[in-house]
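Presented below is the structure to which this report refers.
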Amino acid sequence: MTRQKTDPQAFWRAYEAQVGEPVLAYALGRYLRGWEEFQLPLWGLLIATSGGFRFHHFPHESWIEALSRSASGGAPPQERRLFIPQERFIALSLGEKKSWWQKLFTPALLQLVIRYRDDGGAEQELVAETEKKAADALLPALRDGRKP
């Protein structure tokens with residue numbers, strides 16, 4: 001069985017065309033909390049575009065999950081996206097896990113914290129995790145609205 005290869009440059013060109021903004025930086029990361037519509041931690045792409053911050057979760061399921069879902073009549077996993085416009089940013093920061101226990105037994109991930117104003121003007125906080133190398137490009141792109 002062969003897998004179809006996807007050209008990363010073609011993927012990002014198509015993504016930019018879809019959202020109508022240039023992609024400045026991106027990282028694989030995990031959404032933890034702060035967006036009302038997402039209840040679970042989700043893995044996906046953390047993306048800085050010229051217009052703000054985007055998170056894109058691509059649905060997936062193992063064959064065991066698919067069999068279980070088809071037997072129970074459940075719905076397939078759904079694609080999930082969120083967007084926070086740059087003009088709504090209040091503060092952006094990166095922080096390490098504080099507990100020595102967490103540092104010892106979990107990968108070295110940094111927490112990206114975005115404080116922003118929601119549609120009603122209330123202050124909200126979105127938290128995601130990503131690796132340091134990726135975060136070093138992502139944070140400046142989010143702050144400046146241009147490629148680092």
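The values are calculated or read from the model by the stated rules, or taken from the named source; none is laboratory data. This one's a predicted model, so the numbers in the text were calculated from it and none came from an experiment. Virtual Cβ from ideal backbone geometry, glycine too; neighbours counted across all protein chains shown. Surface areas here come from the heavy atoms of the whole protein model, side chains and all, with no ligands, DNA or RNA. Shrake-Rupley method; radii C 1.70, N 1.55, O 1.52, S 1.80 Å.
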Please tell me if Tyr15 is open to solvent by less than 30 Å² (accessible area, probe 1.4 Å), in a helix (DSSP H, G or I) and modelled with pLDDT of 90 or more. yes
Residues in region 40-97 that are modelled with pLDDT under 90, in contact with a helix residue (DSSP H, G or I) (Cβ under 8 Å, 6 or more places away or on another chain) and of a type in the set (Val, Ile, Thr) total 0
Check: Any chance region 26-39 includes a residue that's open to solvent by less than 70 Å² (accessible area, probe 1.4 Å), out of contact with any Asp or Glu (no Cβ under 9 Å at 6 or more places or on another chain), assigned to a strand (DSSP E or B) and closer than 24 Å to Gln124 by Cβ?
Finding: no
